[in-house]
1. For the stretch 178-321, what is the charge dipole size about the Cα centre, in debye to the nearest 20, if Lys and Arg each add +1 at the Cβ and Asp and Glu each add -1 at the Cβ?
2. Which angle between 0 and 90 degrees, to the nearest 10, do you get for helix 382-395 versus the longest principal axis of the chain when only C-alpha atoms count?
3. Please determine, in degrees from 0 to 90 and to the nearest 10, the orientation of helix 49-62 with respect to the longest principal axis defined by the Cα atoms of the chain, where the helix direction is its Cα long axis.
4. Can you give the alpha-carbon Rg of the stretch 40-196 over 2.2 N^0.38 Å, where N counts its residues?
5. If you count the DSSP beta bridges with both ends in the chain, what percent of them are antiparallel, to the nearest 5?
6. Toward the positive end of the charge dipole of the stretch 55-137, about the Cα centre and with charges on Cβ (Lys, Arg +1; Asp, Glu -1), which of Ala108, Gly83, Thr133 goes farthest?
7. Can you find, among Ser68, Val422, Leu211, the residue sitting farthest towards the positive end of the charge dipole of the chain, where Lys and Arg contribute +1 and Asp and Glu -1 at Cβ?
8. Given the pairs Lys151/Lys376; Lys394/Lys451; Lys218/Lys394, which span a C-alpha to C-alpha distance of over 23 angstrom in this model?
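The values are calculated or read from the model by the stated rules, or taken from the named source; none is laboratory data. Treat the numbers as computed from the prediction; the structure is a model and nothing was measured. Cβ atoms come from the backbone with ideal geometry, glycine included; neighbour counts cover every protein chain shown. These accessible areas exclude ligands, DNA and RNA; they are computed on the full protein's heavy atoms, side chains included. Shrake-Rupley method; radii C 1.70, N 1.55, O 1.52, S 1.80 Å.
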Amino acid sequence: MRAALLLSAIAALSAAPALAQSRQPGEPAFRALFKEMVETDTSVTTGSCTALAEKLAVRFKAAGYADSDITLFSVPEFPKEGGIVVQLKGSDAKAKPILLLGHLDVVAAKPEDWTRSPFTLIEEDGYFYGRGTFDDKAQAAIFSDLMLRLKAGKAPKRTLKLALTCGEETTYAFNGADWLAKNRPDLIMAEYALNEGGGGRYGPDGKPQGLAIQVGEKTVQNFWLEATNPGGHSSVPRPDNAITDLARAVVAVNTHEFPVQFNDTTRGYFTTLSNVLPEPVGPAMKRLLANPQDTEADRIVSLDPTNHSVLRTTCVATLLEAGHAENALAQRARANVNCRMFPGTDPNALKADLERVIGNAKVSVSLKPPVRPLAKAPPLNPAVIGPMREIAAKHFPGVPMTAMMSTGATDAIFIAPIGIPVYGAPGLMLDPDGNGIHGLNERIRVDSLMKGRDYLSDLVVTLANK
(Lines give C-alpha, C1' and ligand atoms only; values in the text may rest on other atoms or scores of the structure.)
Protein backbone atom coordinates (compact mmCIF):
# COMPACT_ATOMS: atom_id res chain seq x y z
CA MET A 1 0.00 0.00 0.00
CA ARG A 2 1.05 3.58 -0.58
CA ALA A 3 -0.08 4.12 3.05
CA ALA A 4 -3.06 6.37 3.57
CA LEU A 5 -1.88 7.89 6.84
CA LEU A 6 -4.67 9.86 8.46
CA LEU A 7 -4.12 13.45 9.38
CA SER A 8 -3.29 14.05 12.99
CA ALA A 9 -6.01 16.68 12.85
CA ILE A 10 -8.62 13.92 12.88
CA ALA A 11 -7.90 13.65 16.59
CA ALA A 12 -9.93 16.79 17.15
CA LEU A 13 -13.07 15.19 15.76
CA SER A 14 -13.74 12.91 18.71
CA ALA A 15 -12.72 11.57 22.05
CA ALA A 16 -13.69 8.00 21.28
CA PRO A 17 -15.08 5.61 23.91
CA ALA A 18 -14.04 2.00 24.19
CA LEU A 19 -14.61 -0.16 21.14
CA ALA A 20 -17.45 -2.61 20.88
CA GLN A 21 -16.60 -6.31 21.10
CA SER A 22 -17.80 -8.57 18.28
CA ARG A 23 -15.20 -11.25 17.72
CA GLN A 24 -15.28 -13.36 14.57
CA PRO A 25 -14.86 -17.13 14.97
CA GLY A 26 -11.78 -19.10 13.97
CA GLU A 27 -9.08 -16.82 15.35
CA PRO A 28 -6.42 -19.58 15.69
CA ALA A 29 -6.85 -20.52 12.02
CA PHE A 30 -6.66 -16.87 11.03
CA ARG A 31 -3.45 -16.41 12.99
CA ALA A 32 -1.94 -19.43 11.24
CA LEU A 33 -2.91 -18.04 7.84
CA PHE A 34 -1.48 -14.61 8.68
CA LYS A 35 1.75 -16.20 9.87
CA GLU A 36 2.14 -18.17 6.64
CA MET A 37 1.54 -15.07 4.56
CA VAL A 38 4.00 -12.87 6.45
CA GLU A 39 6.68 -15.56 6.60
CA THR A 40 6.53 -16.16 2.84
CA ASP A 41 8.93 -13.59 1.39
CA THR A 42 7.14 -11.85 -1.48
CA SER A 43 9.51 -8.96 -2.11
CA VAL A 44 10.53 -8.40 -5.72
CA THR A 45 14.23 -8.82 -4.91
CA THR A 46 14.36 -12.03 -2.85
CA GLY A 47 10.85 -13.48 -2.73
CA SER A 48 8.03 -15.01 -4.72
CA CYS A 49 4.38 -14.01 -4.87
CA THR A 50 3.77 -17.14 -6.91
CA ALA A 51 4.87 -19.32 -4.00
CA LEU A 52 2.41 -17.64 -1.66
CA ALA A 53 -0.41 -17.77 -4.22
CA GLU A 54 0.16 -21.52 -4.54
CA LYS A 55 0.04 -21.96 -0.75
CA LEU A 56 -3.24 -20.07 -0.65
CA ALA A 57 -4.65 -22.23 -3.46
CA VAL A 58 -3.98 -25.31 -1.31
CA ARG A 59 -5.97 -23.74 1.51
CA PHE A 60 -8.90 -22.83 -0.73
CA LYS A 61 -9.05 -26.32 -2.22
CA ALA A 62 -9.03 -27.82 1.27
CA ALA A 63 -11.94 -25.54 2.18
CA GLY A 64 -14.03 -26.98 -0.66
CA TYR A 65 -13.44 -24.62 -3.56
CA ALA A 66 -13.49 -26.33 -6.95
CA ASP A 67 -10.57 -25.99 -9.33
CA SER A 68 -12.85 -23.96 -11.59
CA ASP A 69 -13.25 -21.36 -8.82
CA ILE A 70 -9.50 -20.90 -8.32
CA THR A 71 -7.28 -19.23 -10.91
CA LEU A 72 -3.52 -19.06 -10.44
CA PHE A 73 -1.84 -16.78 -12.95
CA SER A 74 1.62 -15.57 -13.93
CA VAL A 75 3.56 -14.87 -17.11
CA PRO A 76 6.72 -16.64 -18.34
CA GLU A 77 8.80 -13.46 -18.15
CA PHE A 78 8.03 -13.02 -14.44
CA PRO A 79 7.39 -16.50 -13.04
CA LYS A 80 7.73 -15.41 -9.41
CA GLU A 81 5.24 -12.54 -9.64
CA GLY A 82 2.03 -14.52 -9.98
CA GLY A 83 -1.26 -14.11 -8.17
CA ILE A 84 -4.55 -15.80 -7.44
CA VAL A 85 -8.25 -15.12 -8.06
CA VAL A 86 -10.89 -17.04 -6.09
CA GLN A 87 -14.64 -16.93 -6.67
CA LEU A 88 -17.39 -17.71 -4.15
CA LYS A 89 -20.62 -18.01 -6.15
CA GLY A 90 -23.60 -16.14 -4.76
CA SER A 91 -27.16 -17.40 -4.49
CA ASP A 92 -28.63 -14.69 -6.75
CA ALA A 93 -27.33 -14.90 -10.30
CA LYS A 94 -28.74 -11.44 -11.06
CA ALA A 95 -26.90 -9.71 -8.20
CA LYS A 96 -23.64 -8.10 -9.31
CA PRO A 97 -20.41 -9.40 -7.73
CA ILE A 98 -18.14 -7.61 -5.29
CA LEU A 99 -14.37 -7.69 -5.80
CA LEU A 100 -12.03 -7.95 -2.79
CA LEU A 101 -8.67 -6.63 -3.98
CA GLY A 102 -5.31 -6.96 -2.25
CA HIS A 103 -1.64 -7.41 -3.03
CA LEU A 104 0.73 -10.14 -1.95
CA ASP A 105 4.01 -8.36 -2.65
CA VAL A 106 5.86 -6.35 -0.04
CA VAL A 107 8.60 -3.73 -0.05
CA ALA A 108 12.10 -5.22 0.11
CA ALA A 109 13.63 -5.50 3.57
CA LYS A 110 17.30 -5.82 4.51
CA PRO A 111 17.47 -8.21 7.47
CA GLU A 112 20.72 -6.66 8.73
CA ASP A 113 18.92 -3.34 9.25
CA TRP A 114 15.97 -4.75 11.19
CA THR A 115 15.78 -5.35 14.93
CA ARG A 116 13.90 -8.59 14.23
CA SER A 117 13.86 -10.87 11.22
CA PRO A 118 11.57 -9.22 8.63
CA PHE A 119 10.19 -12.54 7.38
CA THR A 120 9.46 -14.12 10.73
CA LEU A 121 6.16 -13.20 12.36
CA ILE A 122 7.01 -12.10 15.89
CA GLU A 123 4.39 -11.21 18.51
CA GLU A 124 5.85 -8.87 21.09
CA ASP A 125 4.41 -6.24 23.45
CA GLY A 126 1.00 -6.29 21.79
CA TYR A 127 2.31 -6.05 18.20
CA PHE A 128 2.92 -8.38 15.30
CA TYR A 129 6.27 -7.54 13.68
CA GLY A 130 7.30 -8.44 10.14
CA ARG A 131 7.41 -7.09 6.60
CA GLY A 132 3.88 -6.86 5.26
CA THR A 133 2.17 -7.19 8.63
CA PHE A 134 0.30 -4.01 7.75
CA ASP A 135 0.94 -3.40 4.06
CA ASP A 136 -0.90 -5.37 2.71
CA LYS A 137 -0.94 -8.82 4.23
CA ALA A 138 -3.21 -7.76 7.08
CA GLN A 139 -6.15 -6.98 4.81
CA ALA A 140 -5.23 -9.72 2.33
CA ALA A 141 -5.29 -12.25 5.16
CA ILE A 142 -8.61 -10.94 6.46
CA PHE A 143 -10.23 -11.24 3.03
CA SER A 144 -8.73 -14.71 2.47
CA ASP A 145 -9.83 -15.92 5.90
CA LEU A 146 -13.37 -14.69 5.30
CA MET A 147 -13.58 -16.42 1.91
CA LEU A 148 -12.38 -19.66 3.52
CA ARG A 149 -14.98 -19.44 6.30
CA LEU A 150 -17.87 -18.46 4.04
CA LYS A 151 -17.38 -21.58 1.93
CA ALA A 152 -18.54 -23.72 4.86
CA GLY A 153 -21.80 -21.80 5.34
CA LYS A 154 -24.70 -20.39 3.42
CA ALA A 155 -23.72 -18.66 0.21
CA PRO A 156 -24.20 -14.87 0.24
CA LYS A 157 -26.56 -13.22 -2.21
CA ARG A 158 -23.77 -11.71 -4.29
CA THR A 159 -20.79 -13.50 -5.76
CA LEU A 160 -17.56 -12.56 -4.02
CA LYS A 161 -14.31 -12.43 -5.99
CA LEU A 162 -10.94 -12.28 -4.27
CA ALA A 163 -7.96 -11.06 -6.31
CA LEU A 164 -4.54 -11.11 -4.65
CA THR A 165 -1.88 -9.85 -7.01
CA CYS A 166 1.80 -8.95 -7.21
CA GLY A 167 3.65 -5.84 -8.34
CA GLU A 168 1.79 -3.14 -6.42
CA GLU A 169 4.88 -2.02 -4.53
CA THR A 170 7.28 -1.80 -7.49
CA THR A 171 6.55 0.31 -10.56
CA TYR A 172 8.91 -1.63 -12.84
CA ALA A 173 7.63 -5.08 -11.81
CA PHE A 174 4.94 -7.17 -13.47
CA ASN A 175 1.65 -5.91 -12.07
CA GLY A 176 -1.00 -8.56 -11.61
CA ALA A 177 -3.91 -6.16 -11.28
CA ASP A 178 -2.96 -4.49 -14.55
CA TRP A 179 -2.60 -7.90 -16.23
CA LEU A 180 -6.01 -9.08 -15.02
CA ALA A 181 -7.71 -5.88 -16.15
CA LYS A 182 -6.20 -6.18 -19.64
CA ASN A 183 -6.20 -9.94 -20.14
CA ARG A 184 -8.81 -11.53 -17.85
CA PRO A 185 -11.35 -8.85 -16.91
CA ASP A 186 -13.99 -11.58 -16.70
CA LEU A 187 -12.27 -12.96 -13.61
CA ILE A 188 -12.57 -9.72 -11.65
CA MET A 189 -15.54 -7.87 -13.15
CA ALA A 190 -17.74 -6.58 -10.34
CA GLU A 191 -20.10 -3.76 -9.38
CA TYR A 192 -17.37 -2.31 -7.16
CA ALA A 193 -14.21 -3.31 -5.30
CA LEU A 194 -13.00 -3.04 -1.72
CA ASN A 195 -9.28 -2.36 -1.51
CA GLU A 196 -6.53 -1.11 0.78
CA GLY A 197 -5.94 2.60 1.23
CA GLY A 198 -8.54 3.40 3.86
CA GLY A 199 -8.08 2.67 7.54
CA GLY A 200 -7.92 4.57 10.77
CA ARG A 201 -5.58 6.10 13.30
CA TYR A 202 -4.80 5.71 16.98
CA GLY A 203 -3.80 8.68 19.08
CA PRO A 204 -0.87 8.79 21.52
CA ASP A 205 -3.23 7.51 24.22
CA GLY A 206 -3.96 4.37 22.21
CA LYS A 207 -7.56 5.34 21.50
CA PRO A 208 -8.89 5.53 17.94
CA GLN A 209 -9.09 9.07 16.61
CA GLY A 210 -10.79 8.58 13.26
CA LEU A 211 -11.63 6.29 10.37
CA ALA A 212 -11.17 7.02 6.68
CA ILE A 213 -12.68 5.71 3.49
CA GLN A 214 -10.31 6.17 0.59
CA VAL A 215 -12.18 7.76 -2.29
CA GLY A 216 -9.60 8.53 -4.95
CA GLU A 217 -5.83 8.77 -4.86
CA LYS A 218 -2.86 10.42 -6.44
CA THR A 219 -1.04 8.96 -9.44
CA VAL A 220 2.62 7.96 -9.18
CA GLN A 221 4.97 9.10 -11.91
CA ASN A 222 8.75 8.87 -11.79
CA PHE A 223 11.06 11.14 -13.77
CA TRP A 224 14.76 10.99 -14.62
CA LEU A 225 16.82 14.12 -14.12
CA GLU A 226 20.13 13.69 -15.93
CA ALA A 227 23.21 15.82 -16.40
CA THR A 228 26.10 14.82 -18.66
CA ASN A 229 29.63 16.17 -19.10
CA PRO A 230 32.89 15.24 -20.88
CA GLY A 231 34.45 14.81 -17.45
CA GLY A 232 38.19 14.78 -16.90
CA HIS A 233 40.80 14.53 -14.15
CA SER A 234 39.57 15.47 -10.68
CA SER A 235 42.76 17.44 -10.04
CA VAL A 236 41.54 20.00 -12.57
CA PRO A 237 37.96 20.90 -11.54
CA ARG A 238 35.81 22.82 -13.98
CA PRO A 239 32.67 24.92 -13.47
CA ASP A 240 30.45 22.82 -15.77
CA ASN A 241 30.20 19.85 -13.41
CA ALA A 242 27.52 17.18 -13.92
CA ILE A 243 27.13 16.51 -10.19
CA THR A 244 26.83 20.21 -9.41
CA ASP A 245 24.23 20.70 -12.15
CA LEU A 246 22.22 17.75 -10.88
CA ALA A 247 22.52 18.82 -7.25
CA ARG A 248 21.11 22.25 -8.04
CA ALA A 249 18.28 20.66 -10.00
CA VAL A 250 17.44 18.31 -7.12
CA VAL A 251 17.37 21.17 -4.62
CA ALA A 252 15.14 23.18 -6.94
CA VAL A 253 12.68 20.29 -7.29
CA ASN A 254 12.70 19.34 -3.61
CA THR A 255 11.99 22.90 -2.49
CA HIS A 256 9.40 23.76 -5.13
CA GLU A 257 5.81 24.24 -3.95
CA PHE A 258 3.16 23.21 -6.43
CA PRO A 259 -0.14 25.13 -6.27
CA VAL A 260 -3.03 24.16 -3.99
CA GLN A 261 -5.79 22.15 -5.67
CA PHE A 262 -9.12 20.75 -4.52
CA ASN A 263 -11.47 18.11 -5.84
CA ASP A 264 -14.81 16.97 -4.45
CA THR A 265 -13.23 14.52 -2.02
CA THR A 266 -10.57 16.82 -0.60
CA ARG A 267 -12.93 19.80 -0.49
CA GLY A 268 -15.39 17.79 1.58
CA TYR A 269 -12.59 16.49 3.78
CA PHE A 270 -11.12 19.89 4.59
CA THR A 271 -14.59 21.39 5.02
CA THR A 272 -15.34 18.80 7.70
CA LEU A 273 -12.06 19.47 9.50
CA SER A 274 -12.37 23.24 9.22
CA ASN A 275 -15.61 23.17 11.19
CA VAL A 276 -14.12 21.40 14.22
CA LEU A 277 -10.45 22.35 14.43
CA PRO A 278 -9.43 25.25 16.68
CA GLU A 279 -7.43 28.29 15.67
CA PRO A 280 -5.30 28.77 13.72
CA VAL A 281 -5.77 25.61 11.62
CA GLY A 282 -9.57 25.48 11.32
CA PRO A 283 -9.97 29.10 10.21
CA ALA A 284 -6.97 28.74 7.89
CA MET A 285 -8.65 25.79 6.21
CA LYS A 286 -11.80 27.87 5.65
CA ARG A 287 -9.72 30.65 4.11
CA LEU A 288 -7.85 28.23 1.87
CA LEU A 289 -11.08 26.62 0.69
CA ALA A 290 -12.36 30.07 -0.23
CA ASN A 291 -9.09 31.14 -1.84
CA PRO A 292 -6.53 28.45 -2.80
CA GLN A 293 -4.01 31.24 -3.48
CA ASP A 294 -4.00 32.38 0.17
CA THR A 295 -0.32 31.69 0.90
CA GLU A 296 -0.50 32.34 4.64
CA ALA A 297 -3.46 29.98 5.05
CA ASP A 298 -1.56 27.40 2.99
CA ARG A 299 1.47 27.77 5.26
CA ILE A 300 -0.59 27.12 8.40
CA VAL A 301 -2.52 24.16 7.01
CA SER A 302 0.62 22.66 5.45
CA LEU A 303 2.50 22.53 8.74
CA ASP A 304 1.02 19.04 8.87
CA PRO A 305 3.04 17.11 6.23
CA THR A 306 0.04 15.00 5.19
CA ASN A 307 -2.14 18.08 4.78
CA HIS A 308 0.60 19.50 2.61
CA SER A 309 0.59 16.44 0.36
CA VAL A 310 -3.20 16.17 0.12
CA LEU A 311 -3.40 19.74 -1.12
CA ARG A 312 -1.10 19.49 -4.13
CA THR A 313 1.15 17.54 -6.45
CA THR A 314 4.46 16.72 -4.78
CA CYS A 315 7.82 15.73 -6.26
CA VAL A 316 10.92 14.60 -4.42
CA ALA A 317 14.24 13.02 -5.40
CA THR A 318 14.50 9.46 -4.07
CA LEU A 319 17.55 7.94 -5.83
CA LEU A 320 20.89 9.40 -6.91
CA GLU A 321 23.71 7.98 -9.00
CA ALA A 322 26.77 9.76 -10.35
CA GLY A 323 30.40 9.34 -11.35
CA HIS A 324 32.58 6.42 -12.34
CA ALA A 325 35.81 6.86 -10.35
CA GLU A 326 37.09 8.59 -7.21
CA ASN A 327 39.68 10.58 -9.15
CA ALA A 328 37.56 11.58 -12.14
CA LEU A 329 35.00 14.26 -12.84
CA ALA A 330 31.58 12.72 -13.33
CA GLN A 331 30.56 12.19 -16.92
CA ARG A 332 26.99 11.44 -15.92
CA ALA A 333 24.78 12.17 -12.92
CA ARG A 334 21.13 11.37 -12.60
CA ALA A 335 18.35 11.29 -10.05
CA ASN A 336 15.02 9.58 -9.81
CA VAL A 337 12.29 12.05 -8.91
CA ASN A 338 9.14 10.49 -7.52
CA CYS A 339 6.03 12.59 -8.13
CA ARG A 340 2.61 12.04 -6.64
CA MET A 341 0.30 13.82 -9.03
CA PHE A 342 -2.96 15.40 -7.95
CA PRO A 343 -5.85 13.66 -9.75
CA GLY A 344 -6.20 14.89 -13.32
CA THR A 345 -2.59 16.05 -13.70
CA ASP A 346 -1.06 15.35 -17.12
CA PRO A 347 2.41 13.80 -16.66
CA ASN A 348 3.71 15.61 -19.75
CA ALA A 349 2.53 18.91 -18.34
CA LEU A 350 4.28 18.06 -15.08
CA LYS A 351 7.46 17.31 -17.04
CA ALA A 352 7.30 20.81 -18.51
CA ASP A 353 6.76 22.23 -15.00
CA LEU A 354 9.87 20.44 -13.74
CA GLU A 355 11.92 21.80 -16.64
CA ARG A 356 10.80 25.33 -15.74
CA VAL A 357 11.54 24.79 -12.06
CA ILE A 358 15.05 23.49 -12.80
CA GLY A 359 15.78 26.20 -15.37
CA ASN A 360 18.95 24.56 -16.66
CA ALA A 361 19.15 23.16 -20.17
CA LYS A 362 22.11 21.02 -19.10
CA VAL A 363 19.74 18.89 -17.01
CA SER A 364 17.31 16.81 -19.05
CA VAL A 365 13.95 15.70 -17.68
CA SER A 366 12.26 12.57 -18.98
CA LEU A 367 9.33 10.39 -17.98
CA LYS A 368 10.56 7.15 -16.49
CA PRO A 369 8.53 4.13 -17.62
CA PRO A 370 5.98 2.99 -16.87
CA VAL A 371 3.58 5.85 -17.40
CA ARG A 372 0.66 4.70 -15.32
CA PRO A 373 -3.05 5.41 -15.86
CA LEU A 374 -4.38 8.52 -14.16
CA ALA A 375 -6.22 7.75 -10.94
CA LYS A 376 -10.00 8.03 -11.14
CA ALA A 377 -12.03 8.77 -8.02
CA PRO A 378 -15.14 6.59 -7.53
CA PRO A 379 -18.54 8.13 -6.80
CA LEU A 380 -19.63 8.40 -3.17
CA ASN A 381 -22.08 5.52 -3.60
CA PRO A 382 -24.45 5.49 -0.59
CA ALA A 383 -24.98 1.74 -1.06
CA VAL A 384 -21.30 1.28 -0.20
CA ILE A 385 -20.54 4.25 2.06
CA GLY A 386 -23.74 3.84 4.10
CA PRO A 387 -22.97 0.31 5.37
CA MET A 388 -19.36 1.32 6.00
CA ARG A 389 -20.60 4.02 8.38
CA GLU A 390 -23.35 1.95 9.98
CA ILE A 391 -21.13 -1.03 10.75
CA ALA A 392 -18.31 1.23 11.94
CA ALA A 393 -20.73 2.76 14.45
CA LYS A 394 -21.13 -0.71 15.99
CA HIS A 395 -17.47 -1.70 15.98
CA PHE A 396 -15.98 1.74 16.64
CA PRO A 397 -18.70 3.65 18.53
CA GLY A 398 -18.19 7.38 18.60
CA VAL A 399 -15.24 7.32 16.19
CA PRO A 400 -15.77 9.74 13.30
CA MET A 401 -15.44 8.59 9.71
CA THR A 402 -14.67 10.70 6.67
CA ALA A 403 -13.87 10.19 3.00
CA MET A 404 -10.36 11.18 2.00
CA MET A 405 -8.00 11.09 -0.95
CA SER A 406 -4.88 9.01 -0.46
CA THR A 407 -1.54 10.71 -1.00
CA GLY A 408 -0.20 7.32 -2.02
CA ALA A 409 -1.27 5.04 -4.83
CA THR A 410 -2.79 1.58 -5.11
CA ASP A 411 -3.78 -0.91 -7.78
CA ALA A 412 -7.11 0.88 -8.09
CA ILE A 413 -5.62 2.79 -11.03
CA PHE A 414 -5.69 -0.43 -13.09
CA ILE A 415 -9.11 -1.65 -11.96
CA ALA A 416 -11.12 1.56 -12.26
CA PRO A 417 -10.57 2.00 -16.05
CA ILE A 418 -12.51 -1.21 -16.80
CA GLY A 419 -15.56 0.14 -14.98
CA ILE A 420 -15.06 -1.05 -11.41
CA PRO A 421 -15.23 1.73 -8.78
CA VAL A 422 -12.66 1.03 -6.05
CA TYR A 423 -13.01 2.04 -2.39
CA GLY A 424 -10.30 1.86 0.25
CA ALA A 425 -12.08 0.23 3.19
CA PRO A 426 -11.62 1.48 6.75
CA GLY A 427 -11.08 -0.77 9.75
CA LEU A 428 -7.34 -1.27 10.30
CA MET A 429 -5.84 1.30 12.66
CA LEU A 430 -2.40 2.86 12.31
CA ASP A 431 -0.24 4.33 15.04
CA PRO A 432 0.71 8.01 14.65
CA ASP A 433 4.22 7.07 13.45
CA GLY A 434 2.94 4.97 10.53
CA ASN A 435 3.91 1.55 11.92
CA GLY A 436 7.13 1.27 9.92
CA ILE A 437 5.28 0.73 6.65
CA HIS A 438 7.85 0.69 3.82
CA GLY A 439 10.52 1.20 6.49
CA LEU A 440 12.19 -0.62 9.34
CA ASN A 441 10.47 -2.94 11.81
CA GLU A 442 7.01 -2.84 10.22
CA ARG A 443 4.32 -3.81 12.71
CA ILE A 444 0.60 -3.88 13.46
CA ARG A 445 -1.12 -3.94 16.81
CA VAL A 446 -2.59 -7.37 17.48
CA ASP A 447 -5.73 -5.64 18.69
CA SER A 448 -5.93 -3.56 15.51
CA LEU A 449 -5.63 -6.65 13.33
CA MET A 450 -8.32 -8.56 15.20
CA LYS A 451 -10.75 -5.66 15.41
CA GLY A 452 -10.10 -4.85 11.77
CA ARG A 453 -10.91 -8.47 10.98
CA ASP A 454 -14.18 -8.16 12.89
CA TYR A 455 -15.18 -4.98 11.10
CA LEU A 456 -14.15 -5.95 7.57
CA SER A 457 -15.75 -9.40 7.87
CA ASP A 458 -19.05 -7.89 8.97
CA LEU A 459 -18.84 -5.25 6.26
CA VAL A 460 -18.23 -7.71 3.42
CA VAL A 461 -20.98 -10.07 4.58
CA THR A 462 -23.42 -7.17 4.87
CA LEU A 463 -22.60 -5.80 1.43
CA ALA A 464 -22.68 -9.28 -0.10
CA ASN A 465 -26.25 -9.80 1.07
CA LYS A 466 -27.66 -6.47 -0.14
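1. 140 debye
2. The two axes meet at around 80 degrees.
3. It is inclined by approximately 0 degrees.
4. 1.06
5. Antiparallel: roughly 70 percent of the beta bridges in the chain.
6. Gly83
7. Ser68
8. Correct reply: Lys151/Lys376; Lys218/Lys394.
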